[in-house]
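In what follows, a structure is listed as structure tokens, so that the remarks can point back to it.
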Amino acid sequence: MENRPIWFQPATARYHDEKAIYKDLNIQTIVRGMALNHYEDEAFIEEILLRPLTGVEDILARQKVVEEACQEPKLMDQFLLVIKEASDKLEPLMDTLQDARDKNFLAETQISAKLDALSTVVEMTWKIRELIENNPQAMSGPGLGIFRETFYREVPPETIVEQRELVENFDAFKRKGEISLQGEMGPGFFWKNMKVLGVSSKAKKVNRGLFFTVDRRDVLIDEELYESAVDFTNQVLVDILDQCMPYIKKWQGHIRLLRKQIAFLAGCARMYNHTRDLEFQFVFPNMEEKTIKGLYDLSLALQTHSNPVSNSLEPNDYEAIIVTGANQGGKSTFLRSMGIGQVMCQAGMYVAAGTFPLKTYGQIFTHFTRREDASMTMGKFEEELKRMQDILVHAKRGSLILLNESFATTTEVTAYQIATDLLRVCLEEGLTLWMVTHITTFARQMYQISDGRVLFLSAGREANHEQRYSMVEKEPENTSYGLELYDQIISGKE
């Protein structure tokens with residue numbers, strides 16, 4: 001178990017090309033659907049969503065946390081508010097303290113900034129303690145209970161109470177009160193064995209000097225002596241607060257991690273509950289499941305606020321999936337839904353489907369067609385080859401590659417040769433390949449020599465009395481949406 005407060009175990013792996021996955025799978029729409037106008041959370045959600053878990057046990061553990069978070073959306077928002085407020089206050093204070101070191105700020109300025117930083121941490125831990133204690137059932141499950149356990153291991157409840165009392169005493173001094181000290185005069189007129197006895201009320205100036213109250217007794221001292229004592233006390237406070245700085249810095253790191261994780265959990269809960277009215281279907285992947293049922297493109301669903309056509313298939317142990325069919329038949333949408341599902345699965349989330357197998361890949365690569373723009377320094381075909389080369393260099397056994405209409409910019413003969421070689425390499429090297437292709441000659445040839453390791457799907461055709469946008473397991477056909485449309489128009493005229 002981690003020796004720091006966490007909501008869940010952070011992932012250590014990273015996708016090789018996060019930007020490609022983000023763009024090709026339209027992850028931005030998923031992130032915005034989770035943030036729901038909490039724009040400052042989007043970067044945190046994206047970071048965790050695109051950091052894959054590669055171990056099944058890690059995924060199952062995070063699923064428990066996400067599932068319980070989805071059952072407590074209001075509580076997640078409360079935790080988010082507490083941690084966000086602490087983060088927003090602490091970061092600029094720590095920047096101020098860094099400036100104070102560089103510019104030799106006055107002791108009063110350092111005391112104020114350090115005390116505010118300490119107060120911020122202690123007040124946050126106090127509020128978190130209240131949320132935990134006020135929600136015992138929600139915070140004792142196998143998911144959210146992880147945070148309760150790791151948080152109290154870092155700062156036990158009794159320590160939180162003691163820290164708050166200490167900060168309140170320090171805060172009284174900040175408001176121009178006094179601190180009572182006890183000590184001895186050592187050699188060279190240096191104080192030794194100093195001890196803080198208590199905090200007094202604000203001093204009052206009179207003609208003969210200053211009055212202040214200690215232990216309910218009014219004490220009169222000379223003003224010059226008072227100013228000297230204040231300077232000395234300031235230095236004592238600086239020394240005391242300096243010893244608190246490692247603790248504050250440690251909590252700064254904790255808060256940064258917790259800020260990301262609670263943004264992700266609150267986002268999971270937000271999207272899960274917000275889409276209930278739209279009757280979106282979600283499921284947590286599991287090891288026993290072998291089929292995919294009711295899978296839909298979540299990004300499209302969020303954009304249209306409706307349920308797109310879903311797909312079902314039995315991937316079993318196929319090492320490749322080849323999808324062909326008419327243009328505008330939903331092939332790219334289907335591939336994107338598969339990719340989004342796998343990314344969400346390996347983030348420990350629910351998936352937009354009725355059932356979804358829990359399977360992990362060491363890396364996920366995407367290779368979708370790009371629109372030619374001014375940023376391109378080479379032709380589209382050369383650019384596609386460069387991206388494919390980068391994928392094959394970094395893809396290791398157990399990786400997943402998603403190809404969408406790749407090499408459509410070259411001749412069919414060239415595209416056929418590239419696709420054939422690519423499929424052969426993937427099968428030989430243990431790489432899983434999901435591809436949508438326009439190269440029907442390649443697909444038909446592969447179907448004829450298939451040894452059962454490749455699943456062939458085609459986009460449904462109304463001409464065959466099949467549902468449009470649905471994928472059907474069958475032999476690849478020579479089809480074209482344009483030719484079908486042409487036949488419909490000509491037939492209609494006749």
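The values are calculated or read from the model by the stated rules, or taken from the named source; none is laboratory data. Note that the structure is predicted; figures quoted are calculated from it, not measured. Every residue, glycine among them, receives a Cβ derived from its backbone with ideal geometry; neighbour counts consider all protein chains shown. Just the protein is used for accessible areas: all its heavy atoms, side chains included, with ligands, DNA and RNA removed. Shrake-Rupley method; radii C 1.70, N 1.55, O 1.52, S 1.80 Å.
For the criterion of being at pLDDT below 95 and in contact with an Asp or Glu (Cβ under 6 Å, 6 or more places away or on another chain), residue 246 fails. Here 109, 12, 54, 96 are screened, and the one residue that is within 20 Å of residue 365 (Cα to Cα) and at pLDDT below 95 is 12. Residue 300 meets all of the listed conditions (1) more than 21 Å from residue 52 (Cβ to Cβ); (2) surrounded by 22 or more Cβ atoms within 10 Å (Cβ to Cβ); (3) of a type in the set (A, V, I, L, M, F, W, C) but one, namely (2).
Matching residues to (1) open to solvent by 40 Å² or more (accessible area, probe 1.4 Å); (2) free of Cβ contacts under 8 Å to residues at least 40 places away in the same chain; (3) farther than 24 Å from residue 18 by Cα:
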{"residue": "382", "(1), (2), (3)": "yes, yes, no"}
{"residue": "402", "(1), (2), (3)": "no, no, no"}
{"residue": "429", "(1), (2), (3)": "yes, yes, no"}
{"residue": "434", "(1), (2), (3)": "no, no, no"}
{"residue": "440", "(1), (2), (3)": "no, no, yes"}
{"residue": "446", "(1), (2), (3)": "no, no, yes"}
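Only a single item in (1) on the phi > 0 side of the Ramachandran plot; (2) open to solvent by less than 10 Å² (accessible area, probe 1.4 Å); (3) assigned to a strand (DSSP E or B); (4) not polar (S, T, N, Q) is not met by residue 294, and it is number (2). Of the residues making up segment 242-274, those that are out of contact with any helix residue (DSSP H, G or I) (no Cβ under 8 Å at 6 or more places or on another chain) and among the polar types (S, T, N, Q) number 1. Residues being β-branched (Val, Ile, Thr) and open to solvent by 50 Å² or more (accessible area, probe 1.4 Å): count how many of those fall in segment 310-324. The number of residues fulfilling the criteria is 0.
Residue 355 satisfies every condition listed in (1) among the hydroxyl-bearing types (Ser, Thr, Tyr); (2) open to solvent by less than 40 Å² (accessible area, probe 1.4 Å); (3) farther than 22 Å from residue 30 by Cα except (3).
Taking the listed residues 12, 54, the one that is under 22 Å from residue 153 (Cβ atoms), of a type in the set (Ser, Thr, Tyr) and outside any helix (DSSP H, G or I) is 12, with no other qualifying. Could you grab me the full set of residues in segment 122-151 that are in a helix (DSSP H, G or I), among the polar types (S, T, N, Q) and surrounded by fewer than 17 Cβ atoms within 10 Å (Cβ to Cβ)? Result: 134, 140. Total residues in segment 309-353 satisfying the condition of being part of a loop (DSSP other than H, G, I, E, B), under 24 Å from the mean Cα position of the chain (by Cα) and not aliphatic (A, V, I, L, M): the figure is 3. Among residues of segment 127-150 that are over 15 Å from residue 70 (Cβ atoms) and modelled with pLDDT of 95 or more, those with a Cβ under 8 angstrom from a residue that is among the polar types (S, T, N, Q) and in a helix (DSSP H, G or I), sequence gap 6+ or separate chain, pair up as 131/78; 148/140. Scan segment 410-425 and give yes if some residue there is touching a strand residue (DSSP E or B) at 6+ places or on another chain (Cβ under 6 Å) and either surrounded by 18 or more Cβ atoms within 10 Å (Cβ to Cβ) or in a loop (DSSP other than H, G, I, E, B) (or both), otherwise no. The answer is no, given that none of the residues of segment 410-425 is touching a strand residue (DSSP E or B) at 6+ places or on another chain (Cβ under 6 Å) and either surrounded by 18 or more Cβ atoms within 10 Å (Cβ to Cβ) or in a loop (DSSP other than H, G, I, E, B) (or both).
Within segment 16-51, take every residue that is assigned to a loop (DSSP other than H, G, I, E, B), open to solvent by 10 Å² or more (accessible area, probe 1.4 Å) and more than 15 Å from residue 336 (Cα to Cα) and give me the one that is modelled with the lowest pLDDT. Out of the qualifying residues, it is 37. Out of all the residues in segment 1-21, which are in contact with a strand residue (DSSP E or B) (Cβ under 8 Å, 6 or more places away or on another chain) and aliphatic (A, V, I, L, M)? Passing the criteria: 20, 21. Each residue in segment 30-48 was checked for being on the phi > 0 side of the Ramachandran plot and of a type in the set (A, V, I, L, M, F, W, C), and 1 pass.
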